[in-house]
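Engineer: Mind having a look at this structure? Questions to follow.
The values are calculated or read from the model by the stated rules, or taken from the named source; none is laboratory data. Remember, it's a predicted structure, so these values are computed and weren't measured experimentally. Quick reminder, even Gly has a Cβ in these numbers, built from the backbone with ideal geometry, and neighbours come from all protein chains shown.
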Amino acid sequence: MAKVVVYAVIATAFLFFFVVLAPFLRDDHRKGPGLNRRFGYNIQDRTLSFDPLLAQMQRSNTNNTTSASTRSGVIETYQFLIASGKLNTTLRLTILFPLLDRDPKDYSISFNELEAWIIRQSMDRLDYSTHVALDSKDKNADSSVSFREYFPQFSDTDLAKKGMEHGEAGWWQVRFDAADIDHNGLLNFTELRDFLHPEDSENEATLKWLLRDRFKQMDYDDDGKLNFKEFQDHVYASYVSYVEFETAGKEAPKPHDKFHELDVNHDK
Ligand SMILES: [Ca+2]
Ligand SMILES: [Ca+2]
Ligand SMILES: [Ca+2]
Ligand SMILES: [Ca+2]
């Protein structure tokens, strides 16, 4: 086996351990604040499974609608992998390796192949959760959800009041309308995915809604701008987490320096 292939297998084994097994081994003390925030979202809530089998197992555990045959298939595969009493990581990697090694098929996994795989798993996760939501909310089976279908808990009074605090009917309505690209009052599958996962959306209206919503949470004095204190208290920690996450621990610029760089017209 060529040296580069060995390195790739070892690297994948480490990835397998940290990404696939780590969620089961993770203790609360590892949940440092540094990696938990990204634009107001909890990264650990959004962790995807590196291994589709693991994703299926998690879904089987949490989803009562999983068919018996799918469930038993997952269990059988899992039992096959732990036939010797411990998880056969090598066997699982042997199965996964060709799925990652696609472009080019050269018996090694490049950064781009790994990235493509992770994006595929991520899209699969988003699609799956959207299907689950659509199945449970679409009462008239027209493959779309109306605001009323999605939020049966809101009364006529709630809707008329149009409360704009986080989680009130008006706040959800604005988010719903931003995702409703064709403005027909219904969210189809793609629109519902944007609605449920605005941070992963490419819909400009949804992204603008997300930015306005996050900005509002940070702008404590409600003047439509972030002063240095608001930036330091509500943005900087997220920024540091982001830099650490994206650069594997590189030190972020100090808050004053970053604020000075962003405050182009220097009005503080
Ligand atoms: Ca390759
Ligand atoms: Ca419907
Ligand atoms: Ca629509
Ligand atoms: Ca402000």
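Engineer: Do we find a residue being under 30 Å from F259 (Cβ atoms) and touching a helix residue (DSSP H, G or I) at 6+ places or on another chain (Cβ under 9 Å) anywhere in segment 151-164?
Structural biologist: So far as segment 151-164 goes, yes, one or more of its residues are under 30 Å from F259 (Cβ atoms) and touching a helix residue (DSSP H, G or I) at 6+ places or on another chain (Cβ under 9 Å).
Engineer: Also: Restricting attention to segment 101-140, report how many residues are closer than 22 Å to M57 by Cβ and basic (K, R).
Structural biologist: Counting residues in segment 101-140 that are closer than 22 Å to M57 by Cβ and basic (K, R) gives 2.
Engineer: Considering only residues that are within 12 Å of ligand 4 (Cβ to nearest atom) and surrounded by 16 or more Cβ atoms within 10 Å (Cβ to Cβ), which ones fall in segment 228-249?
Structural biologist: Those that are within 12 Å of ligand 4 (Cβ to nearest atom) and surrounded by 16 or more Cβ atoms within 10 Å (Cβ to Cβ): E230, F231, H234, V235.
Engineer: How many of the residues making up segment 100-116 are without any contact (Cβ under 8 Å) to a residue 24 or more places away in the chain and of a type in the set (F, W, Y)?
Structural biologist: So the answer is 1.
Engineer: Go through (1) free of Cβ contacts under 8 Å to residues at least 60 places away in the same chain; (2) of a type outside the set (S, T, Y); (3) on the phi < 0 side of the Ramachandran plot for L126 and report which single condition fails.
Structural biologist: The one condition L126 does not meet is (1).
Engineer: Tally time: how many residues in segment 91-140 are part of a helix (DSSP H, G or I), within 16 Å of ligand 1 (Cβ to nearest atom) and among the hydroxyl-bearing types (S, T, Y)?
Structural biologist: Total satisfying the criteria: 1.
Engineer: If you don't mind, another one. Return the pair list, or none, for Cβ contacts closer than 8 Å from residues in segment 217-229 that are without any contact (Cβ under 8 Å) to a residue 12 or more places away in the chain to residues that are in a loop (DSSP other than H, G, I, E, B) and within 16 Å of ligand 1 (Cβ to nearest atom), at least 6 apart or on different chains.
Structural biologist: Short answer, once both residue conditions are applied: none.
Engineer: Taking the stated definitions as given, is L207 in contact with a Phe, Trp or Tyr (Cβ under 6 Å, 6 or more places away or on another chain), away from ligand 4 (no atom under 16 Å from the Cβ) and at pLDDT 95 or above?
Structural biologist: So L207 does not fit the description; no.
Engineer: A follow-up question, please. Limited to segment 202-224, what total is found for residues that are within 16 Å of ligand 3 (Cβ to nearest atom) and surrounded by 14 or more Cβ atoms within 10 Å (Cβ to Cβ)?
Structural biologist: Looking only at that region, the number is 4.
Engineer: Considering only segment 217-268, how many residues are within 22 Å of the chain's Cα centre (by Cα) and charged (D, E, K, R)?
Structural biologist: Total satisfying the criteria: 2.
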